[in-house]
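Structure, as structure tokens:
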Amino acid sequence: MWSSLLIPTFLFLSFFSVGLAPDPGPTTNADNNYLPFWDQINGDIAEFPVQNNKIIIEPWKYMDRLRICKILITESDKYFASFGKNNTGNVHWAVTLMYGELFKTGIDYYVVIVYFLAAIESEFLGNLPYEVELLSREEYRSNFCYSTEECHASYPQVMDVANKFYKYLLSRKIVSTTSGIPQYDTDEDTAIFKMWAAHRAAIDVAKPKFSDVSFYSSETEQDFTMDFLLAIEFVEAVLYHPYFESSAEFLVGFSHGLFTDQDRNVLTSNFSIREKVLMAAAKLLQKINKSTGMIEYLLYYRYIEYNYDS
């Protein structure tokens, strides 16, 4: 039964993500799928201001969270050099490109920040010269955590899973050198699994809070967000490669405008064919999952396969 449901669904998702995708080109530098202002930051924590011997980051600012994403990619590129040319094989690309699409929802806060705090705590970013201070906003204070201590106290499992990901990378060894570039013994499936595990743990924390965040004016927009997040859980379960090109392909058709209640009937909406296909596919996957529990089954199987608790 599972294969009869899984195969057509995966083929349908592959169609809208790959079949409709533009060729992203040989390098990321000239790619239209790049996040706005990506080339204007350098991925160095020294870009953040220092006040009272603390590195000050305002995570609710687009540019600050964008810098966090680029820091994580820059610091980890060496572990994924063999996964793609021109640093396109970094497993952080999925989180980064999804941030570009989802930052307006607030849901992605935990995904980006928990990765960053775990990278600091595990010393993946090395010995930082100053303590990092994340500035909060009063209207969001009760829904979010702003330090490793706060996140550990409120969501210990999320922090533990994210720490496992970075500790795994730190444990990798150089096995060869190609054109002067060190090649690490990073196992592709293991790295992808651990990255997606951390992502899902953060999303599991964020989803219940979504209904309390009043960024949207329509139920259609809220429904699409939840449908899309389920689609992400699906690609997590099948270990979809979270690299630059594959992540950009998956996001083809993501709406660049908010849905209104008039857009509930996707076939009569004014959005593009790609946007309609993505919305319809995500809604179909949600219906299938409600009837069969397919996503939960796949995720459980995946965690057992990779001995998640080890």
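The values are calculated or read from the model by the stated rules, or taken from the named source; none is laboratory data. All of these numbers come straight from a predicted model, not from anything done at the bench. Ideal geometry is used to build each Cβ from the backbone, glycine not excepted, and the neighbour counts take in all protein chains shown.
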Original post:
Filter segment 181-211 for residues that are among the acidic types (Asp, Glu) and assigned to a helix (DSSP H, G or I); which is nearest to VAL158 (Cα to Cα)?
Top reply: ASP204
**OP:** Restrict the check to segment 231-247 and report whether at least one residue is modelled with pLDDT under 95, of a type in the set (D, E, K, R), in contact with a Ser or Thr (Cβ under 7 Å, 6 or more places away or on another chain) and not assigned by TED's automatic domain parsing to the domain that holds GLU75.
**Re:** yes
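Quick test for you: out of THR186, THR96, pick the one residue that is in contact with a Cys (Cβ under 6 Å, 6 or more places away or on another chain), under 25 Å from SER82 (Cβ atoms), touching a residue at least 24 places away in the same chain (Cβ under 8 Å) and not basic (Lys, Arg). Give the derivation first.
Working: THR186 fails: in contact with a Cys (Cβ under 6 Å, 6 or more places away or on another chain).
Going through THR186, THR96 in turn, just one is in contact with a Cys (Cβ under 6 Å, 6 or more places away or on another chain), under 25 Å from SER82 (Cβ atoms), touching a residue at least 24 places away in the same chain (Cβ under 8 Å) and not basic (Lys, Arg): THR96.
If I filter segment 165-182 for residues that are under 17 Å from the mean Cα position of the chain (by Cα) and either crowded, with 18+ Cβ neighbours inside 10 Å or closer than 28 Å to LEU230 by Cβ (or both), do I get at least one hit?
yes
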